[in-house]
Structures are given as C-alpha cells and as structure tokens.
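Worksheet: the structure to be examined is printed underneath.
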Number of protein chains: 2
Amino acid sequence: MDTKTKSRYEAKAKIIKAMSHPTRLFIVDKLSRSEQCVCELTEMVGDDMSTVSKHLSVLKNAGIVSDEKRGTQIFYSLRVPCVLKFFSCVESVLKTNAKEQASLVR
Amino acid sequence: MDTKTKSRYEAKAKIIKAMSHPTRLFIVDKLSRSEQCVCELTEMVGDDMSTVSKHLSVLKNAGIVSDEKRGTQIFYSLRVPCVLKFFSCVESVLKTNAKEQASLVR
DNA sequence: ACAATCCTTGGCTATTTGGCAAAATAGAAA
DNA sequence: TTTCTATTTTGCCAAATAGCCAAGGATTGT
C-alpha cells in the first residue's frame, strides 16, 4: 500500500474510530435529537465530567460534532448527520449475527 | 445509563470499532469488489501475514466478513454490504473538515 | 474582588491494541 | 508417512486508550 493511499485510509479510520466507543455512540445518539451541554450529557452518561469532556473532544477533533459557548455552558451539536446511518447498518449486523447464532443452536 | 442500554451501545461500538483501523478499512474496501484469500490481502496490505490474519479475525468476530476454506486457501468475503455506506459518510466528513480548514485560512 | 458554576487539561494507572517473529495447526500433495 | 503450503496462534514489547482525580481557565452573579 503506497503512502498516499495509506494516509487516506488513516484519515477515514480516524473518523470511524471516533465513533467506536459506547459512550461516544450514546452521545452522538443524544445529539441527533437536540444539542446538549456538557453538564446534561455528563448527567445522562453517568461518568466523570472530565471523562465526558474528553470523549467530546475526540468527536470534535474528528469533525463529527461542533461546540458553541453560551454563557457558562458549552453546547455540543451534531455537525454531520450522516453518521446516524451507522446506526441502522450496525443494527442490521447485530440482527444478522443473532440469526446466525440462532441457526447454530437449532 | 442503565446496564441494558449500556450493553447495547457496547455491542454496537464493537462493530464500529472493527472498522476503525486503516488496514481493516482497506480490507473491507477490497472485499466489497470481490472475495480474497489471506495471501492476496497480505500482498496488497504489505504487512506480515500474521498481522493481516489478526485483522481478519477482528472483522470476522464482529460479523462483518465471513470465511470459506477452499483447498489450502481461505477466502474472505463481505457479509454485510451496508458497511460500505460508512465510506460515503466518512468522505463527506472529510470534505466538510477540509472546507472549514479552507475558510479559516481565508 | 470574591465565590460559584461549567468545562478542559494534566497526571496517573490499568487495560487494550497493533505489530513482528516464532511456533503450532490443518490440509494437499508427494 | 513425510513434506509442503496457507493460515492461525502465541509471546513479547511499544504505543494508544479510558478512566478518575486534582488543578486551572473562563464567565456569571454577589
């Protein structure tokens, strides 16, 4: 694989990697409905705020979310709605896997 | 986040995580055109065969690819074509990021 | 100025990951 | 059987990741 091809796959992988954590997936799911401040997300996730903040910076760094400061709070929102398509595909993979599991038992 | 919700997000994240490595993305891309044996993929990727084999087992474990032994070779193929949709979205994220970069320079 | 609130950053530890090389396995062919 | 050949597994090490806590901005309100 030549260097140029490689770095293109690296750039793509970075974006997918940003989505590859349960908490970040949860956050993206929430943001798909409406923007949220860090404190609200922290509340929903249940981890330390610093942990949530780090997850958000990963998503922001990948270009998946954007942030806006309003007063003392920072609101995050989904910048590229197409990532929501991941969910339906992932669910169909899970379904396919479950079917296969079932057929093995039979 | 309750335990059940959490484990659902974990299952989804696992699938996305399997796609979150440049080499594995490359492999999925190749398999989208036609099935390939490990030796062919190893040749294209340029890493050690044991490394490629490990990547393939990650993809297989996630349910993204399936394998079939024929003679001495093992052919891998894409089990869930919907993962290809990831590519177009990821590309649009890259494009959006590039645009933003450009506007900052201006 | 001071305190309170919201958020991010740095430091630490534990865990996971990715890579190669060597050893083990499975099947084909001789 | 023995010997290839294709692939996987194991062992090891370096690097990356996730989590918490404590410390450090920034902004609002007193």
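The values are calculated or read from the model by the stated rules, or taken from the named source; none is laboratory data. Being a predicted model, the structure only gives us computed values, none of them experimental. So basically every Cβ, Gly included, is an ideal-geometry build from the backbone, and we count neighbours across all protein chains shown. The accessibility values were calculated without ligands, DNA or RNA, using every heavy atom of the protein model including side chains. Shrake-Rupley method; radii C 1.70, N 1.55, O 1.52, S 1.80 Å.
So how do B:40-49, A:89-98 stack up, highest first, on mean other-Cβ count within 10 Å? If you can, show how the numbers build up before the last one.
Working: B:40-49: 15.1, A:89-98: 17.0.
In decreasing order of mean packing, B:40-49, A:89-98 become A:89-98, B:40-49.
Taking springs between alpha-carbon atoms closer than 10 angstrom, which of A:S57, A:S20, A:S88 fluctuates most in the Gaussian network model of chain A? The residue that fluctuates most here is A:S88.
Of the residues B:F86, B:F75, B:F26, the one that moves most in a GNM of chain B with alpha-carbon contacts below 10 Å is B:F86. Could you tell me how many degrees, from 0 to 90 and to the nearest 10, lie between the Cα long axis of helix A:3-18 and the main elongation axis, the longest principal axis, of the Cα atoms of chain A? The angle comes out near 70 degrees.
Provide a whole-number value for the mean count of partner chain Cβ atoms within 10 Å of the Cβ atoms in peptide B:22-34. Mind showing how you got there, number by number?
Working: counts 13, 5, 3, 6, 7, 1, 0, 2, 0, 0, 0, 0, 0.
Rounded to a whole number, the mean comes out at 3.
In straight Cα distance, which lysines are under 30 Å from A:K69, not counting same-chain residues fewer than 8 positions off? Output for A:K69: A:K12, A:K14, A:K17, A:K30, A:K54, A:K60, A:K85, B:K6, B:K95, B:K99. Looking at the square roots a ≥ b ≥ c of the eigenvalues of the Cα gyration tensor of the protein assembly as shown, which shape do they give, rounded for a/c under 1.5, prolate if a/b is larger than b/c, or oblate? Verdict is oblate for the protein assembly as shown. Remark: label point of A:D48 defined 7 Å out from Cα along the Cα-Cβ vector; separations to the same position in other copies 3.6 nm, ascending.
Heavy-atom accessible surface of the range A:24-106, averaged per residue, reaches 55 Å², computed with a 1.4 Å probe. Gain on full extension, evaluated as 0.36 nm per residue between A:S103 and A:E91 minus their Cα-Cα distance, stands at 2.5 nm. Pairing the Cα long axis of helix B:22-33 with the longest principal axis of chain B, what angle in degrees results, from 0 to 90 and rounded to the nearest 10? Between helix and principal axis, roughly 70 degrees. As a size descriptor, the averaged projected area of the C-alpha convex hull of the range A:3-80 was calculated at 5.4 nm². Chain B has one residue whose beta-carbon comes closest to the axis relating it to chain A; that residue and its distance in whole Å are B:S20, 2.
Between 0 and 90 degrees, the angle of helix B:49-62 with respect to the longest Cα principal axis of chain B falls at about 70 degrees. Placing a label point 7 Å from Cα along the Cα-to-Cβ direction at A:D67 gives distances to the equivalent points in the other copies of 4.3 nm, listed shortest first. Sorted shortest first, the separations between the A:D2 label point and its copies elsewhere in the assembly read 5.5 nm; each point sits 7 Å from Cα along the Cα-to-Cβ line. Taking Cα pairs under 8 Å and at least six residues apart, what relative contact order does chain A come out at, in percent? Answer for chain A is 24 percent.
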